[in-house]
1. Relative contact order of the chain, please, whole-number percent, based on alpha carbon pairs below 8 angstrom and at least 6 residues apart.
2. Helix-only mean residue ellipticity at 222 nm, the chain, DSSP H runs n ≥ 4 weighted -39,500 (n - 2.57), per residue, nearest 500. What is it?
3. In the Gaussian network model of the chain, springs joining C-alpha atoms below 10 Å, which of GLY115, GLY132, GLY39 carries the largest mean-square fluctuation?
4. Using only the Cα atoms of region 2-184, construct the convex hull and provide its projected area averaged over every direction, in square nanometres to one decimal.
5. Could you please state, rounded to a whole Å, how far the C-alpha centre of region 34-56 is from the C-alpha centre of region 120-183?
6. Out of PRO127, PRO159, PRO86, any idea which swings most in a Gaussian network model of the chain, alpha carbons joined below 10 Å?
7. Considering the zone a paramagnetic label at GLU182 would reach in this model (a point 7 Å from Cα along the Cα-to-Cβ line), which residues of region 62-92 have amide N under 16 Å from it?
8. Would you mind ranking LEU147, LEU170 so that the residue whose beta carbon has the fewest other beta carbons within 10 Å leads the list?
Amino acid sequence: MRTFIALDLDSEIKARLSDLLRRLRWRGPKGVSWARESGLHITFKFLGEIDEARAARVAETMQAAAAAVPVFVLRVRGTGAFPPPPRPPRVLWVGTNEPAAVLDLQARLEAGLEGLGFDRESRPFHPHLTLGRVKSGSGPREAMAELERVKDAEFGEMPVRKITLFRSTLRPDGAVYSVLAEGALA
C-alpha cells in the first residue's frame with residue numbers, strides 16, 4: 001500500500017484554503033493538477049509502497065515520535081512556489097509559521113524511520129500544504145499573480161494534537177486518503 005505521514009488540517013482552515021483553490025483554478029492553466037480540499041495536509045514523510053507489517057512498525061515509530069512532542073499551535077499563512085523565481089514553478093503552496101515543534105517532530109520521525117530502513121530526506125524540511133503541481137505549460141502566470149496577491153495572508157491557526165499515517169489510493173480522478181493510524185502529541 002502507498003503511504004505517508006502527515007498533519008491533517010481542521011475543517012475551518014480547509015474551507016479557507018478551498019476558497020483560495022477555487023480562485024486559483026479559475027485563474028490557473030489546464031497544466032496544473034490542483035489539490036482537493038479533503039486532501040489538504042502537511043506531509044512529514046512520503047513512505048511509498050509498504051506492506052501491512054511494515055505499516056504497523058511505522059505506526060509505532062510515528063506514535064513514539066508524536067508522544068515526545070507537546071501539543072502546539074500551528075498558523076497557516078503565506079503562499080509561494082517551489083522552486084522560487086526566476087525558475088518556472090513546479091509546486092504551488094501555502095506555508096506555516098514553522099514552530100520549533102513542527103521541525104522537532106519531523107526530525108524525530110526521520111530518525112525513527114531511518115531505523116526502519118527508510119532513507120533520510122536529502123532536502124531541508126519546509127512545512128507546506130501543496131495547492132497544485134504544475135504538470136505542463138509555460139507556467140501558471142495568473143495563478144502565480146493570485147498567490148503573490150495573498151502571499152502574506154493568514155488562513156487560520158489550530159492546535160496540533162496528532163499526526164496521521166495515511167494510505168493513498170490512486171484513482172483516475174485523484175488520490176483518496178484513508179487513515180491507517182494516528183499518533184497523539186504529548
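1. 36 percent.
2. It lands at -10000 deg cm²/dmol.
3. Result for the chain, Cα springs under 10 Å: GLY115 fluctuates most.
4. 10.2
5. 11
6. Highest fluctuation among the options: PRO86.
7. 62-64, 66-67, 71-72
8. Working: LEU147 26, LEU170 9.
In order of increasing Cβ crowding within 10 Å: LEU170, LEU147.
Read-outs throughout are calculated quantities, based only on the coordinates presented, and are distinct from any laboratory measurement. Keep in mind the model is a prediction, meaning the values are calculated, not measured. FYI the Cβ positions are ideal-geometry reconstructions off the backbone, even for glycines, and counts take in every protein chain you see.
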